[in-house]
Amino acid sequence: MNTHRNSIHLVDDAPILAHESFEGDQYILQVSAPVIARKALPGSFAHLRVSPERPMRRPISIMRTDPESGMVEFLYKAVGEGTRLLAERRVGERLSILGPIGRPFEFHPERPRPLLIGGGVGMPPMIFSAQQLKDDARFSPFVILGSEVPFPFRSRPSRLMLPGMPDGVIGCMPLLEDWGVASRLASLRGYPGCFEGYVTELARHWLEALEPAALAEVEVFACGPHPMLESVAALARAYDLPCQVSLEEFMACAVGGCAGCVVEVQTDSGPAMQRVCVDGPVFDARSVFA
């Protein structure tokens, strides 16, 4: 039984607190939804009604929460009619939100060096993971974020040094830096301070610089486009590291009823079809990428 399904709540009148636009049709949306803010875990998402005229909701990953104030924050990209309608919503308007939904990431104290890799709109679960881990003295996370459009924040040079970083790769996400979480950025667009290449290539630089005892403490977590996740899974396999991935799929109901988001996974009993919305979105990478 997936007990996390019992935590899904409907907030029918969540007021929009802030809604900022960034280059590359990216938006950061903040809403007040206290019950979701209290219940959400890294890797979970919400199903948002983008407009009163559009009953079909859109799944969007949760990037950050403030359980005390009830704030829930999302990063999304306007790529279709639904998300473009959402981009038109203004501060003070109210949204209907289902959440939190899905199986979250699981962090293991015996693997105290989480490597968090996010690409594009796959960045939010990694930022949310860092938020959860930042105050837990058992963990020392390292976050790698990749984007082929300008990042939805102004990067700055990091003061947190890391092994294996190529010369000049010093750009970080300020929010993570303020939390004391080490981060680096990767892009093929030549942005200042960023690694010019794929997130997996930058991850390999870091992994290669670790001593065997430190390498044995790493667990990999990732969210992003399918080809990126496939590469991350291959990288983890090459270093014999456990790896969890959060899948992105189109979905209609997002609560397990329609089976429109099924993927094939390998189980102890053989291949099986599982729903990304409630059986995931987080899966063991080995079950998805052979």
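The values are calculated or read from the model by the stated rules, or taken from the named source; none is laboratory data. Just so we're clear, the structure is a prediction, and the values are computed from it rather than from any experiment. FYI the Cβ positions are ideal-geometry reconstructions off the backbone, even for glycines, and counts take in every protein chain you see.
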- Message: Would you confirm whether or not region 72-86 contains a residue that is at pLDDT below 95, surrounded by fewer than 20 Cβ atoms within 10 Å (Cβ to Cβ) and over 18 Å from Ala252 (Cβ atoms)?
- Response: no
- Task: Please work out if Val31 is outside any helix (DSSP H, G or I), over 24 Å from Trp179 (Cα atoms) and of a type in the set (Val, Ile, Thr).
- Result: no
